[in-house]
Amino acid sequence: MILDTLFQILPTARWFFTAVIITMLNMNPDDKQMPAPKVRPATQAGSFYESDPKALAKEVDGYLARHAKDSTYANVAAVIVPHAGHYFSGNVAAAAYSAIPRDKQYKRIFMLGPSHYEWLNGASVNTEADYYATPLGRVKVDRETARQLTLADTVFTYRSKAHDREHCLEVQLPFLQRRMKTVPPIVPIIISTNDFMQMRRMAEVLKPYFNDENLFIISSDFSHYPAYKDAYKADGKTRDAILTGDVEKFILAVEENRRSGIPNLSTSACGEDPIITLMLMLDQSYDIKHLLYQNSGDIDHHDPRRVVGYHAFAILRKAAESKPSVEKTAAAASEPLTTGFTLTESDKNMLKQIARESIVAGFEGKTYHPDSKAIAASNPTLTKKCGAFVTLTQRGQLRGCIGLMSGSLPLYETVAEMAHSAAFEDPRFDPLRRGEFDKTDIEISVITPMRRIKSIDEFELHRHGIYIKKGYHSGTFLPQVADEVNWTKEEFLGHCSRDKAGLGWNGWRDAELYIYEAIVF
């Protein structure tokens, strides 16, 4: 009655209410509004490169056109590219991107660069952004892979300030957008640390992704602010060291440049950390090719007294026959647990002493270096390359735990590094204070080589640790975890699969399973 009266007074009201009712009928109560994608904006457009899309496309295409006749490499694994403003480093950057085949279909691109604004003492992976924007459009972020990196090792975290203003990755995107037919998702990683072992841990986590499916882009400028001729000299030394593929020679070259007394030389490579991380993943299966060098004095001749150097490199995979096959690699991983690998009481005491001295050195801001010759003479077993975890507890409560599943260093060095990391770099805890040291217990778990199993009948609770791997997902539980919980074998696997590998409770059932033992003391 009230509505009829209203419709008589306001004829248009009938149409309004009819529209509302139709809209309500068409609404699905189960519909949920999707959140807007999170886009990291183009903060450097108009500064490091053109902000107008047409001008930017023309600029980048012009640089790429200079290298239209350059060789491309179907086996390119990574490139080292400068990240200055396009006006200064665009030509050298284009030399690197021109080495990448336009139609190569990569699954994802890992982008590693240094932090210019935020000290991280580690690496920050952008797990928040869905896209990175440039004036040319959006580039998708592989957030799932980014998240897996943060789960794999605590050296990877997410710090928004490391990405908000950072230019070293953003300036690369327009080149990808104009060079590649389809830009795959990216994994943006910013690194800043002065800890070599942290970079080794980063390399350990990233190395399974360092395959033909993925491309790695390492962002770095080189000499900063020497005179023109001095830049050529310093950058030549750095170039030659990188071409050897020997990370120690690269670090030595940077150090020699630093000590050379070259006026105004503040750094030989601002992307030293990402370059080291890359080089730690290389072996004899790769060739390194230098593509181009220029410095800012070659572009702008107004002030040759203060220049910045730019190199472009391509890292190429050698022919498949010279590289271990996937089958051989899997077979090596499936070898039986090493027999006869034991640690004497003297070995264990030596490792405990190394762990303690490493932590004590850390209180003084120093890095402890064990006497390798003395250890090799007195405890030769400790020179074998094994993984190890160092766990710190106070009255039975965890105070820090860091480790590596496999060892690329001698065991004594791994323990020294892991002890320092457990004490001062576990992000779950504040750094250990000197006053806490006397009440802190140190436990070391030395990891034996892993063996792949076909049935969980081969896995023994309390004796074996489990390592679950599927694709790029992986996770592990040490053997002693079983001593701390009251789980069945299936629950042990389920928790590891869900909580560590990110595969879900039953993900272990179609994953690769490996067992190993730990010598715990």
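Observations
- DSSP beta bridge pairing in the chain, given as percent antiparallel to the nearest 5: 70 percent
- Percent carbon-and-sulfur accessible area, the range 335-488, ignoring ligands, DNA and RNA, probe 1.4 Å: 48 percent
- Partner lysines for Lys140 [C-alpha distance under 27 Å; skip if fewer than 8 residues away on the same chain]: Lys32, Lys38, Lys54, Lys58, Lys104, Lys107, Lys161, Lys181, Lys207, Lys469, Lys470, Lys500
- Value in Å of the Kirkwood radius, where the chain supplies the Cα pairs that are averaged: 25.8 Å
- For Arg40, residues with placed amide H under 5 Å, excluding near neighbours: Asp130, Tyr131, Tyr132, Ala133
- Computed from the C-beta positions of Lys233 and Arg356, the FRET efficiency with R₀ = 51 Å rounds to 0.70.
- Close amide H partners of Leu292, meaning residues 5 or more places away or on another chain with modelled amide H under 5 Å apart, are Ala312.
- Taking a ≥ b ≥ c as the square roots of the eigenvalues of the Cα gyration tensor, an a/c ratio of 1.5 or more together with a/b no larger than b/c marks the range 480-519 as oblate.
- Note, ³J(HN,Hα) from phi for the range 412-427, Karplus 6.51, -1.76, 1.60, rounded to Hz, x at Gly and Pro: 5, 6, 4, 5, 4, 5, 5, 5, 4, 5, 5, 6, 10, 10, 5, x
- In the chain, the DSSP-assigned H stretches of four residues or longer account for a calculated mean residue ellipticity at 222 nm of -10500 deg cm²/dmol, using -39500 (n - 2.57) per stretch and the full residue count as denominator.
- Principal semi-axes in Å for the range 47-98 [√(5λ), Cα gyration tensor, largest first]: 21, 13, 9
- Rg/Rh ratio calculated on Cα atoms of the range 181-266 (Kirkwood radius): 1.03
- Qualifying lysines (Cα of each under 23 Å from Cα of Lys348; at least 8 residues distant if same chain): Lys373, Lys384, Lys385, Lys439
- In this Cβ point-charge picture (+1 for Lys and Arg, -1 for Asp and Glu), the chain has a dipole of about 880 debye about its Cα centre.
- The chymotrypsin sites (Phe, Trp or Tyr not before Pro) found in the range 96-186 that occupy coil by DSSP, while having at most 15 further C-beta atoms within 10 Å, are Tyr117, Trp119.
- Which of Ser445, Gly494, Leu478, positive extreme of dipole for the range 435-507 (C-beta unit charges): Gly494
- Modelled spin-label separation between Asp164 and Glu491, with each label point placed 7 Å from Cα along the Cα-to-Cβ direction: 4.5 nm.
The values are calculated or read from the model by the stated rules, or taken from the named source; none is laboratory data. All figures in this text were calculated on a predicted structure; none of them were measured in a lab. Every residue, glycine among them, receives a Cβ derived from its backbone with ideal geometry; neighbour counts consider all protein chains shown. Accessible surface is based on the protein model in full, side chains and every heavy atom, while ligands, DNA and RNA are left aside. Shrake-Rupley method; radii C 1.70, N 1.55, O 1.52, S 1.80 Å.
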